[in-house]
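Quick notes on the structure that follows.
The values are calculated or read from the model by the stated rules, or taken from the named source; none is laboratory data. What you see is a predicted model, and the numbers here were worked out from it, not measured in a lab. As a convention, Cβ positions derive from the backbone with ideal geometry for all residues, glycine included, and neighbour counts pool all protein chains shown.
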Amino acid sequence: MSGSAHVVVGAGLIGRRVARLLIDRGDAVTLLTRRGTELPGARPVTADASDTAALTAAAEGARTIFLCANPAVYSAEEWGKTWPPIFRAAIGAAHSTGAGLVVMGNLYPYGQQDGPMTEHSPELTTSPKGLIRKAGWEAVKAAHDAGELRGVEVRASDYFGAGSSGTAHLGEGFFVPIMESKTARVVGDPTAPHSWSYLDDIATTLVAAADYDGEWGRVWHVPSGEPHARTEIAATLDDWFGTRGHVAGIPQLVLRTMALGSPMMRGVLEESYQFRHPFVIDAAETERMLGVHATPWEEALRDTAQSYRKLF
């Protein structure tokens, strides 16, 4: 659907990739950020994502609002302050302008499940951040069901890819120690199978969800391939690069101690169940209906690893 206009809210790792995909196919993109971030081919707008009037003005004439914003602080306290007004602003702007609302989401609403999470798994979360994200999607879904807007949420597992920050579970803090033949300290059980969503695949799925001409008001999952334990990933990297890196889990007692003085670490502790047990996303329905697929694992992993080799 090239030639359309869109608003991308947020210029992080995902927002930039979404904007780039849209620009490259000939769409007009407005990039709304707090700092007026510039991206070649996009129109920058400086505004807070919670500013309904500013977002509405930016979205006039747009076909889609991509909500790719994310609070800078990973804590329930920060999320509780920032997410509700962001969702209210996005819902208000979509309702006023008629733009479709595509929300970048995560798997937190599902809580701990006994098997792979599908697009229709029950939302069992009891964690503070999971409840915040669950409430945000429920508000979008209620507005959709009331005929006030068209809304969908695209959910991904933990992301990886070039540029992943040091705080990402499969980011700089993992790759660099392994590739320096050191030990990467990780949350949870490093032998537990875990799904990883490649950044490029997340962006592709968001755009495909916006292009979908079927029924909205639903959740999509980012195709993420087979799950991989972090011990397996470390062994693969060692094999490729001739390194001798290792991975070791941070004991729960240590995490609890760290959480006492750090809101961010409290957030990590609350969601650490995702790394103590198998955590697997199933995107078969999304793949079938949207025609999107995961980048081959070895290709995605090697491209990501090569991006970190440049740091040495």
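Here are a few things to note about the model shown:
- Candidate set: the range 290-312, residues that are surrounded by 15 or more Cβ atoms within 10 Å (Cβ to Cβ) and among the aliphatic types (A, V, I, L, M); chosen: the one farthest from residue 173 (Cα to Cα): 290
- In the set 223, 227, only one residue is more than 28 Å from residue 91 (Cα to Cα), under 19 Å from the mean Cα position of the chain (by Cα) and in a loop (DSSP other than H, G, I, E, B); that residue is 227.
- Flag if residue 287 is among the charged types (D, E, K, R), surrounded by 13 or more Cβ atoms within 10 Å (Cβ to Cβ), touching a Pro at 6+ places or on another chain (Cβ under 8 Å) and at pLDDT 95 or above: yes
- Here residue 248 clears all of (1) of a type outside the set (Asp, Glu); (2) assigned to a helix (DSSP H, G or I); (3) surrounded by fewer than 16 Cβ atoms within 10 Å (Cβ to Cβ) except the condition numbered (2).
Conditions tested, residue by residue: (1) more than 18 Å from residue 199 (Cβ to Cβ); (2) in contact with a Lys or Arg (Cβ under 8 Å, 6 or more places away or on another chain).
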| position | (1), (2) |
| --- | --- |
| 31 | no, yes |
| 43 | yes, no |
| 46 | yes, yes |
| 49 | yes, yes |
| 60 | yes, no |
| 69 | no, no |
| 85 | yes, no |
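- For the range 98-127, residues that are closer than 21 Å to residue 145 by Cα and assigned to a loop (DSSP other than H, G, I, E, B) total 7.
- Candidate set: the range 15-36, residues that are out of contact with any strand residue (DSSP E or B) (no Cβ under 6 Å at 6 or more places or on another chain) and not charged (D, E, K, R); chosen: the one surrounded by the most Cβ atoms within 10 Å (Cβ to Cβ): 33
- Beta carbons closer than 8 Å, at least 6 apart along the sequence or on distinct chains, pair a first residue in the range 237-262 that is within 14 Å of residue 189 (Cβ to Cβ) and at pLDDT 95 or above with a second that is of a type outside the set (A, V, I, L, M, F, W, C) and in a helix (DSSP H, G or I) for 247/230; 247/231.
- Which numbered condition residue 215 misses (of (1) assigned to a loop (DSSP other than H, G, I, E, B); (2) without any contact (Cβ under 8 Å) to a residue 40 or more places away in the chain; (3) more than 15 Å from the chain's Cα centre (by Cα); (4) over 18 Å from residue 284 (Cα atoms)): (4)
- Residue, surrounded by the fewest Cβ atoms within 10 Å (Cβ to Cβ), within the range 267-284, restricted to residues that are of a type in the set (A, V, I, L, M) and farther than 14 Å from residue 193 by Cβ: 284
- Candidates 146, 135, 168, 139 - the one that is free of Cβ contacts under 8 Å to residues at least 40 places away in the same chain and surrounded by fewer than 18 Cβ atoms within 10 Å (Cβ to Cβ): 146
- Unmet requirement for residue 147, which otherwise passes all of (1) part of a loop (DSSP other than H, G, I, E, B); (2) in contact with a helix residue (DSSP H, G or I) (Cβ under 8 Å, 6 or more places away or on another chain); (3) of a type outside the set (Phe, Trp, Tyr): (2)
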